């Protein structure tokens, strides 16, 4: 058993920190893209838009039943081809692993957020819709100002839990050789041979960030549970 | 489109044989991992509900640690880090396990213990969903703590959580793909290998995707059949501890704030 030497971690910290920032940026971007698309997907299903509703449902079922790594491989292969077709000349447009990761995580998470919002929409009291009609609000205003804010507020603990899972899942960009927190650690470990210290520190950082966020979920949940009890 | 799968590979097999061997590893990981996860998860889940403070804290710690570290990082901890921090002779013995078992066993332990933390939360939710009267009645009958759990609490709790366990079954078979990072040649790894060998990326990934879809469908049907067989008549399933049923939480959305309620 080699003695552990955590001074190496202090030297490596700036690089690990930049990796962590990448992980957080990827999480944030995927959250924003995923929430916007997910809300759209949920609304398309909610209004039972012909064709589009079915397509979205099939997309979500597909994405939810295959592993994220396979999804990453799919998009790494497909996105350049699709972009090539969109740009007109039909030739694949290489966009690099970083952009692939952002696009993939956004589209992948959209499927999960959409499920959360869809169930939320279904559970809203009918009286809310009727009251909006009585007030002569347009459909857009009904959803924009009345329905969606309520759904998002109550679903916030679950949305946040899903985002914690998303943060942990961003470590899978390792398979695209990107330099996220885990990628940075593994690259350093290959250079300095200190993989025990590197991976232990990475595990601790993930543990710290995720547990802190889990505490927020617990307190959000308590807040809304209290609001419910108060009624 | 899938014709290429039946062509000969460099090692004299067909590409479809690679895929099937990958499927075999995926199934082996998911199946044996599931039983590890179920056994450990049951113990930890029970541990979270017992009176003994130390046991409860240890169980909570287990769940926090295994749920808050990404499964890929845990994979690396079992595969790279564990042999280094064990005593040298023991660590060397682990490193000398011949392939493919040298990466299969760490992956199996990793997936099993990771999923166990999630199952533990479901088990706890199931136990907490039971009426308190069950434990009290067992006490009144003079059952010991062990007997209460063994004959009264656990059998009922497990029957309540079958729907939540479905999502854990789906989770473990999808997470088997993470094992490719430590060299287990499971389904996704084989699909990538075929794509690299033939440049037929669409076919290779398409075939793997169809297999995963079929697995998801089978898992779902089997769990639904189990649920139907063991559901306690007249009960609703316990809330899913990890993806709580949103409908329960959203119920309060539609209700009017107190002030308006009074004015009405």
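Among the candidates A:137, A:172, A:200, A:152, which residue alone is more than 8 Å from every other protein chain (Cβ to nearest Cβ) and either closer than 30 Å to residue B:192 by Cα or not in a helix (DSSP H, G or I) (or both)?
Values: A:172 fails: more than 8 Å from every other protein chain (Cβ to nearest Cβ); A:200 fails: more than 8 Å from every other protein chain (Cβ to nearest Cβ); A:152 fails: either closer than 30 Å to residue B:192 by Cα or not in a helix (DSSP H, G or I) (or both).
So the residue among A:137, A:172, A:200, A:152 that is more than 8 Å from every other protein chain (Cβ to nearest Cβ) and either closer than 30 Å to residue B:192 by Cα or not in a helix (DSSP H, G or I) (or both) is A:137.
Using beta carbons and a limit of 7 Å, which pairs, at least six apart or on different chains, have the first residue in the stretch B:229-247 and more than 14 Å from residue B:155 (Cα to Cα) and the second one outside any loop (DSSP other than H, G, I, E, B) and modelled with pLDDT under 75?
B:239/B:248
If you go through the stretch A:213-227 one residue at a time, do you hit one that is at pLDDT 90 or above, buried (at least 18 other Cβ atoms within 10 Å of the Cβ) and facing chain B (nearest Cβ under 7 Å)?
no
For residue A:46, which of the numbered conditions (1) under 20 Å from the mean Cα position of the chain (by Cα); (2) within 30 Å of residue A:124 (Cα to Cα); (3) within 14 Å of chain B (Cβ to nearest Cβ) fails to hold?
(1)
Return yes when residue B:85 is closer than 28 Å to residue A:169 by Cα and free of Cβ contacts under 8 Å to residues at least 24 places away in the same chain and no when it is not.
Spelling it out, residue B:85 is indeed closer than 28 Å to residue A:169 by Cα and free of Cβ contacts under 8 Å to residues at least 24 places away in the same chain.
Say we look at the stretch A:2-14 and pick out the residues that are loosely packed, with under 15 Cβ neighbours inside 10 Å and in contact (Cβ under 8 Å) with a residue 12 or more places away in the chain; which of these is nearest to residue A:147 (Cα to Cα)?
A:6
Could you check the stretch B:1-20 and list, in sequence order, the residues that are in a helix (DSSP H, G or I) and in contact with a helix residue (DSSP H, G or I) (Cβ under 7 Å, 6 or more places away or on another chain)? Quick ask: steps written out before the conclusion?
First pass over the stretch B:1-20, keeping only residues in a helix (DSSP H, G or I): B:2-6, B:15-20.
Residues satisfying the conditions are B:2, B:4, B:5, B:6, B:15, B:16, B:18, B:19.
Taking the stretch B:164-180 on its own, how many of its residues are touching a residue at least 60 places away in the same chain (Cβ under 8 Å), out of contact with any helix residue (DSSP H, G or I) (no Cβ under 6 Å at 6 or more places or on another chain) and either away from chain A (no Cβ under 14 Å) or under 14 Å from residue A:70 (Cα atoms) (or both)?
Counting residues in the stretch B:164-180 that are touching a residue at least 60 places away in the same chain (Cβ under 8 Å), out of contact with any helix residue (DSSP H, G or I) (no Cβ under 6 Å at 6 or more places or on another chain) and either away from chain A (no Cβ under 14 Å) or under 14 Å from residue A:70 (Cα atoms) (or both) gives 0.
Which one of the conditions (1) out of contact with any helix residue (DSSP H, G or I) (no Cβ under 7 Å at 6 or more places or on another chain); (2) part of a helix (DSSP H, G or I) does residue B:34 fail to meet, given that it meets all the rest?
The single condition residue B:34 does not satisfy is (1).
Exactly one of (1) closer than 26 Å to residue A:106 by Cβ; (2) surrounded by fewer than 22 Cβ atoms within 10 Å (Cβ to Cβ); (3) within 11 Å of another protein chain (Cβ to nearest Cβ) is unmet by residue A:187. Its number?
Looking at each condition in turn, residue A:187 falls short on (3).
For the list (1) in contact (Cβ under 8 Å) with a residue 12 or more places away in the chain; (2) under 25 Å from residue B:193 (Cβ atoms), I need the number of the one condition that residue B:98 fails.
Status for residue B:98: all satisfied but (1).
Which one of the conditions (1) free of Cβ contacts under 8 Å to residues at least 40 places away in the same chain; (2) more than 23 Å from residue A:179 (Cβ to Cβ); (3) in a helix (DSSP H, G or I) does residue A:71 fail to meet, given that it meets all the rest?
Here residue A:71 clears every test but (2).
Quick check on my filter: what residues within the stretch B:92-101 are farther than 17 Å from residue B:176 by Cβ and part of a helix (DSSP H, G or I)?
If the condition is that a residue be farther than 17 Å from residue B:176 by Cβ and part of a helix (DSSP H, G or I), then B:92, B:93, B:94, B:95 are the ones that fit.
Counting only residues that are within 7 Å of another protein chain (Cβ to nearest Cβ) and out of contact with any helix residue (DSSP H, G or I) (no Cβ under 8 Å at 6 or more places or on another chain), which one in the stretch B:65-113 is modelled with the highest pLDDT?
Residue satisfying both the conditions and the ranking: B:87.
Residue B:57 fails exactly one of the following numbered conditions: (1) surrounded by fewer than 15 Cβ atoms within 10 Å (Cβ to Cβ); (2) within 13 Å of another protein chain (Cβ to nearest Cβ); (3) under 30 Å from residue B:122 (Cα atoms). What is the number of that condition?
(2)
If residue A:160 meets every condition in (1) away from chain B (no Cβ under 13 Å); (2) within 22 Å of residue A:43 (Cβ to Cβ) apart from one, which number is that one?
The one condition residue A:160 does not meet is (1).
With A:66, A:60, A:95 as the choices, which residue is in contact with a helix residue (DSSP H, G or I) (Cβ under 7 Å, 6 or more places away or on another chain) and in contact (Cβ under 8 Å) with a residue 40 or more places away in the chain?
Checking each option against the conditions leaves just A:60.
Within the stretch B:1-15, track down each residue that is surrounded by 14 or more Cβ atoms within 10 Å (Cβ to Cβ) and without any contact (Cβ under 8 Å) to a residue 24 or more places away in the chain.
Across the stretch B:1-15, the qualifying residue is only B:14.
Given the conditions (1) surrounded by 15 or more Cβ atoms within 10 Å (Cβ to Cβ); (2) part of a helix (DSSP H, G or I); (3) without any contact (Cβ under 8 Å) to a residue 24 or more places away in the chain, which single one is not true for residue A:25?
Here residue A:25 meets the rest and fails (1).
Can you tell me how many residues within the stretch A:49-70 are closer than 29 Å to residue A:129 by Cβ, surrounded by 21 or more Cβ atoms within 10 Å (Cβ to Cβ) and within 14 Å of another protein chain (Cβ to nearest Cβ)?
0
The values are calculated or read from the model by the stated rules, or taken from the named source; none is laboratory data. Quick caveat: nothing in here was measured; it's all calculated off a predicted structure. Positions of Cβ are backbone-derived with ideal geometry, glycine not excepted, and every protein chain shown enters the neighbour counts.
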